[in-house]
Amino acid sequence: MGQPALEFNLFTGTLDWVAQPDNVSAVGEFTVPAGANVGDLVYPSGNLAMTQADNSSASTQAVALIVAKPTSTTATLLFMGKVSGFAGLTAGDDLFLGSSGAFVTSAGLPTAADSIIQKIGTVVDTTTIIFNPQIAVVL
């Protein structure tokens, strides 16, 4: 289990310490395009369907990260948490939604009107990120 966190208990009206999971993911059964890859950012596009996220519009902001593809069109998604398997990252960098399901550092942020800037996480080390998508800001 991950770090403890305070959670409001509706029944008692108190704040209670609860253990939080290291990762929040959902296994299989999410439909994704055949061209989507492990490591791509996705957004909901239908009933249990996801499409590659994109920084061109607020309607396409990322909600999850593909962490496995059991078949060419189904995926295991991470909604929040720590994930490894990347290469060449710089510890401490903030990560943002790029285009076509990719993520970028601040050097790759969009500037066009109606584009969005969405922070999706932080780099822990050269291969690991903390994925925690934030609400996007529309330019």
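The values are calculated or read from the model by the stated rules, or taken from the named source; none is laboratory data. Everything quoted here is computed from the prediction, not taken from an experiment. So basically every Cβ, Gly included, is an ideal-geometry build from the backbone, and we count neighbours across all protein chains shown.
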Report yes if K82 is modelled with pLDDT of 90 or more and assigned to a strand (DSSP E or B), otherwise no. no
Does S115 satisfy being among the polar types (S, T, N, Q), at negative phi and touching a residue at least 60 places away in the same chain (Cβ under 8 Å)? yes
Run down D54, D114, D93 and say which single residue is of a type in the set (D, E, K, R), at pLDDT 90 or above and surrounded by fewer than 18 Cβ atoms within 10 Å (Cβ to Cβ). D93
Residue under evaluation A34, criteria (1) of a type in the set (G, A, S); (2) in a strand (DSSP E or B); (3) touching a residue at least 12 places away in the same chain (Cβ under 8 Å), criterion not met: (2)
Scanning the stretch 96-106 for residues that are buried (at least 17 other Cβ atoms within 10 Å of the Cβ) and either aromatic (F, W, Y) or more than 13 Å from the chain's Cα centre (by Cα) (or both) gives F96, F103
Identify all residues within the stretch 118-134 that are touching a residue at least 60 places away in the same chain (Cβ under 8 Å) and part of a loop (DSSP other than H, G, I, E, B); write none if there are none. Q118, P133
